[in-house]
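The block underneath contains the structure these notes are about, expressed in structure tokens.
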Amino acid sequence: MESTPLRARVCIGMVALGALCSMHTLPSTHTPWWAVALLAALYAGGERLSGSFYPVLLAGAFLLPPSAAALVAVPGALIAPVGGRPQSLRRVWRASQLAVAVWPAAWVYRLLGERDAVVAADFPHVLVHAGAAVLAFCVVLTVLDGGILALAERRPLRRTWHELFLRSLAPIAVHGLAGLMMAVLWRSPYGPVSALLVLLPMCVSWWAFAQYHREHAAHQATIRALVQAVDIKDGYTRGHSERVGRATMMIARELGLADERVEVLRFAGILHDVGKLGVPTRLLRKNGPLTPEERRVIELHPEYGHEMVRGISFLGEARAAVLHHHERLDGTGYPYGLSGSQIPESARVVAVADAFDAMTSTRSYSRARPVSVALRELEKCAGSQFDPRMVGALARAVDQHGWHPAVTTDETAVPALHPQVAGAPGAPR
């Protein structure tokens, strides 16, 4: 949204106008302003603490008239920190979309005849009607977020809506349940104080969750910095790490691995060559054949890489892949000569992805091979160098999703194939 297109600005203006319309009945409604002010303050504090603090907004939808419930989100959204520019436009968008989303949620809850359900604590019926209100809130947020992304970034509208809805439904449902608990306690004989006491441990848990995400983001930033350092040092393989990460992810998904492992294996593919930071640049950029001594130095890069990442517990099995991605099934690989099932599964996945991208990318010492030729070469080496299961998974994934090879150096300057590459897929360099 940094250079927001005119059509996106028009959309933001229309949503802002809709937010104002949702609050036009405020003067004519019996609005408990002290409750609006308290909920708005809670929401503003929660936004600064942990980001999207929807329980307070949804509690407002269960407790207040629709126009007043829409107002709860506005002050906090207008003062909350935002990422990217223009900040003022982003704040207006955030405040407007939340107000427009809360308003129908409050109306759905009231139209179902449950205005006093939080007072009576009429379970389980109140859960059904509150669930309908939460669903309305989620749908409106999805429609608005998907629409602005489609307008600002030209994303496919239907797919964006589908992905956003599936990703946000479960978290918003949990927030809705917390909001209902707040509303019931708010209307109980113990009053709003009891709702605030329940909210406190929730705030702590959300803060801890936000800290986890910040740590996750910090790890990703560290990974990006390491990869950029490798790309700068070894210009001939620029982009190789990201492509190996993508191929590794394709193999992992084809194998049916859990999403958490797919992400870890993607990190393994991205970081597999980080140990090249410990290898002299003159060897990485050498155009001629490597001497045996130079080859032994380059073959140290998996161990260098493992030393660099061993303290990053977040990487899990990716660390073993960094260390063993040059092992071979027949036991003739390095650094330890492991064979068969002794080689960690993650390393066997990365080995195939690494060799595939190496063969389909043009470098200073090798010209790119067609994708079909590279796959046939992998199949030829399956069982001796590569795990046949991983090779088959890559072939199926490429057949289904395709692959776009990259030129990583000037093709006109490519000499004859480097001996270490011409004879062995996935050889070091």
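The values are calculated or read from the model by the stated rules, or taken from the named source; none is laboratory data. All values derive from a computational prediction rather than experimental measurement. We place every Cβ from the backbone using ideal geometry, glycine too, and count neighbours over all the protein chains shown. Side chains are part of the model used for accessible areas, which takes the heavy atoms of the whole protein and leaves out ligands, DNA and RNA. Shrake-Rupley method; radii C 1.70, N 1.55, O 1.52, S 1.80 Å.
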Simple label model, 7 Å out from Cα along Cβ direction - GLU307 to ASP259, nm: 3.8 nm
Note, ³J(HN,Hα) from phi for the range 375-389, Karplus 6.51, -1.76, 1.60, rounded to Hz, x at Gly and Pro: 5, 5, 5, 5, 5, 5, 8, 5, x, 9, 9, 10, 6, x, 5
Exposure ranking of TYR54, TYR109 by accessible area [1.4 Å probe, largest first]: TYR54, TYR109
Potential lengthening between TYR212 and VAL193 on full extension [0.36 nm per residue; Cα-Cα distance subtracted]: 3.9 nm
Efficiency of FRET from Cβ geometry, GLU379 and THR29, R₀ 56 Å, rounded to 0.05: 0.20
Karplus-derived HN-Hα couplings along the range 169-174 (A = 6.51, B = -1.76, C = 1.60, θ = phi - 60°), whole Hz, x at Gly and Pro: 4, 5, x, 5, 4, 5
MET308 accessible area, assembled protein chains, probe 1.4 Å, Å²: 80 Å²
Rounded accessible area of TYR336 (nearest 10 Å², 1.4 Å probe): 130 Å²
Probe 1.4 Å, protein heavy atoms only - accessible area per residue of the range 122-173 in square angstrom: 58 Å²
Sulfur and carbon atoms: percent of accessible area, the range 319-408 [1.4 Å]: 50 percent
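Heavy atoms only, probe 1.4 angstrom, no DNA, RNA or ligands counted: give me THR332, THR291, THR360 ranked by accessible area, highest first.
Largest to smallest exposure gives the sequence THR332, THR291, THR360.
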Nearest-0.05 FRET efficiency for PHE314 and LEU157, computed from C-beta distance (R0 45 Å): 0.85
ILE148 accessible area, assembled protein chains, probe 1.4 Å, Å²: 10 Å²
Sequence of SER361, SER313 when ordered by accessible area, the most exposed leading, probe 1.4 angstrom: SER313, SER361
26 Å Cα-Cα reach of LYS286 towards lysines, excluding residues that sit fewer than 8 places from it in its own chain: LYS233, LYS276
